[in-house]
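Heads up, the thing below is written out as structure tokens.
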Amino acid sequence: MAYTQLSGQVHTEVLTRTLRINEIFFSLQGETSKVGLPTAFIRLTGCPLRCSYCDTEYAFHKGEKLSIGQIMQTISTFRTRHVTVTGGEPLAQTTCHDLLTHLCNEAYEVSLETSGAMDVSAVDPRVMKILDIKTPASGEADKNRFENLESLNLTDQIKLVVCSRDDYEWARKMLFEKQLHEYCEVLFSPSHNELAGNRLADWILEDKLPVRFQVQLHKYLWGDVPGK
């Protein structure tokens, strides 16, 4: 009985913790191995990086404080078990860890989109981490935290957004130098407005790279409309 009461108190306390949320919306997952699945997206406010190709600058500052309980209530209306926590950079808010664990405890299938500049070692192991490695054209390659590779699971994914041939050659070098494909699946994605997808696809095939090519499905369906 004492354990049950303590468990209930902890549960209630977690639900009252707050995060600054930019938007919560329901859409199709546009990237990763989960592409095409109806997904609840929770976008947190704030990011310490300023990537050249960023398409969510509106999330840098705008947002409102919501409790984890309020967030859970909102996503329950979408009737999906798939949830993606994104940003901005969601791990810039330490309470993000509480949200991720609570989502897992509630039997959601959770993925986390993170820039790779933050420590991911404390992320709940049930969460599928989508870890960016920033290429030189992003302007933030010096922020890559390669120590994060040791915290990846086989169910996680590494993503590199490629903007040019120079970017591709750097990404290819990192792939083999860091043996990225030994940690988990690696995704090469063309920067939507900077590199034609067929060019990147050709380079991958010519070099027989052990990576998954991907495009941003949502960009082809809805363009740059926020909340899609």
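Just one residue in the set 40, 2, 59 is modelled with pLDDT under 95 and closer than 30 Å to residue 197 by Cα; that residue is 59.
Confirm whether residue 145 is basic (Lys, Arg), surrounded by fewer than 21 Cβ atoms within 10 Å (Cβ to Cβ) and closer than 28 Å to residue 81 by Cβ. Against the criterion (basic (Lys, Arg), surrounded by fewer than 21 Cβ atoms within 10 Å (Cβ to Cβ) and closer than 28 Å to residue 81 by Cβ), residue 145 does not qualify. So is residue 33 surrounded by fewer than 18 Cβ atoms within 10 Å (Cβ to Cβ) and at pLDDT 95 or above or not? When the stated conditions are applied, residue 33 does not pass them. Among residues of the range 88-105 that are hydrophobic (A, V, I, L, M, F, W, C) and surrounded by fewer than 18 Cβ atoms within 10 Å (Cβ to Cβ), those with a Cβ under 7 angstrom from a residue that is at pLDDT 95 or above and not in a helix (DSSP H, G or I), sequence gap 6+ or separate chain, pair up as 104/110; 104/124; 104/126; 104/127.
From 181, 218, which residue is part of a helix (DSSP H, G or I), touching a residue at least 12 places away in the same chain (Cβ under 8 Å) and in contact with a Lys or Arg (Cβ under 7 Å, 6 or more places away or on another chain)? So the residue among 181, 218 that is part of a helix (DSSP H, G or I), touching a residue at least 12 places away in the same chain (Cβ under 8 Å) and in contact with a Lys or Arg (Cβ under 7 Å, 6 or more places away or on another chain) is 218. Given the criteria at pLDDT 95 or above, assigned to a strand (DSSP E or B) and in contact with a strand residue (DSSP E or B) (Cβ under 7 Å, 6 or more places away or on another chain), does residue 161 qualify? Yes, satisfied.
Quick test of your reading of the structure: residue 53 fulfils all but one of (1) out of contact with any helix residue (DSSP H, G or I) (no Cβ under 8 Å at 6 or more places or on another chain); (2) in contact (Cβ under 8 Å) with a residue 24 or more places away in the chain; (3) surrounded by fewer than 18 Cβ atoms within 10 Å (Cβ to Cβ). Name the failing condition by number. Only one criterion is unmet by residue 53, namely (1). Taking the conditions (1) over 21 Å from residue 127 (Cα atoms); (2) part of a helix (DSSP H, G or I); (3) touching a residue at least 12 places away in the same chain (Cβ under 8 Å) in turn, residue 13 satisfies each one other than (3). Inspection of the range 192-203 finds a residue satisfying the criterion of being among the charged types (D, E, K, R) and either part of a helix (DSSP H, G or I) or over 17 Å from residue 138 (Cα atoms) (or both).
Restricting attention to the range 20-42, and to residues there that are small (Gly, Ala, Ser) and in a strand (DSSP E or B), which single residue is nearest to the chain's Cα centre (by Cα)? Checking each candidate, the answer is 40. Within the range 148-169, the residues that satisfy the criterion of being farther than 30 Å from residue 125 by Cβ and either buried (at least 18 other Cβ atoms within 10 Å of the Cβ) or in contact with a Cys (Cβ under 7 Å, 6 or more places away or on another chain) (or both) are 163, 167, 168. In the set 140, 185, 150, 194, only one residue is closer than 30 Å to residue 94 by Cβ, of a type in the set (D, E, K, R) and modelled with pLDDT under 95; that residue is 140. Looking across the range 150-176, just one residue is farther than 13 Å from residue 190 by Cα and touching a residue at least 60 places away in the same chain (Cβ under 8 Å), and that is 157.
The values are calculated or read from the model by the stated rules, or taken from the named source; none is laboratory data. What you see is a predicted model; the values in this text were computed from it and never measured. Every residue, glycine among them, receives a Cβ derived from its backbone with ideal geometry; neighbour counts consider all protein chains shown.
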